[in-house]
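Some notes on the structure that comes next.
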Amino acid sequence: MTVCENVLESIGGTPMIRLGRMDAGLGSQVFAKYEGTNPGGSIKDRAALFMIRDAEARGALKKGMTIIEPTSGNTGIGL
């Protein structure tokens, strides 16, 4: 079991799941990346974390600033 010190550490590292019924007879294996284990249940958690870290690295986002995201979708949840 992986133990995370904070919620940011839990983003990414999502499991791959073999879709055995889909690859039957294909001569290859089919896998899916299960992003539902991210805190917001979506791949958008990865994008949100990248955007924030990138903005911090460029100096565009500094401590105490507010992020405004005009969406009710998964990107907004991730942020």
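The values are calculated or read from the model by the stated rules, or taken from the named source; none is laboratory data. If you're wondering where the values come from, they're calculated on a predicted model, not measured in any experiment. Cβ: placed from backbone, ideal geometry, glycine included. Neighbour counts: every protein chain shown.
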In segment 15-26, anything at pLDDT 90 or above and either assigned to a loop (DSSP other than H, G, I, E, B) or under 17 Å from Gly41 (Cα atoms) (or both) is listed as Pro15, Met16, Ile17, Leu19
For segment 46-66, pairs from a residue that is free of Cβ contacts under 8 Å to residues at least 40 places away in the same chain and under 17 Å from Gly78 (Cα atoms) to a residue that is charged (D, E, K, R) and in a loop (DSSP other than H, G, I, E, B), with Cβ under 7 Å and 6 or more apart or across chains, are none
Being among the aromatic types (Phe, Trp, Tyr) and in contact with a Leu (Cβ under 8 Å, 6 or more places away or on another chain) narrows Phe31, Phe50 down to just Phe31
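Residue-by-condition table, conditions (1) part of a loop (DSSP other than H, G, I, E, B); (2) small (Gly, Ala, Ser); (3) at pLDDT below 90:
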{"site": "Gly41", "(1), (2), (3)": "yes, yes, no"}
{"site": "Asp54", "(1), (2), (3)": "no, no, no"}
{"site": "Ala57", "(1), (2), (3)": "no, yes, no"}
{"site": "Leu61", "(1), (2), (3)": "yes, no, no"}
{"site": "Thr66", "(1), (2), (3)": "yes, no, no"}
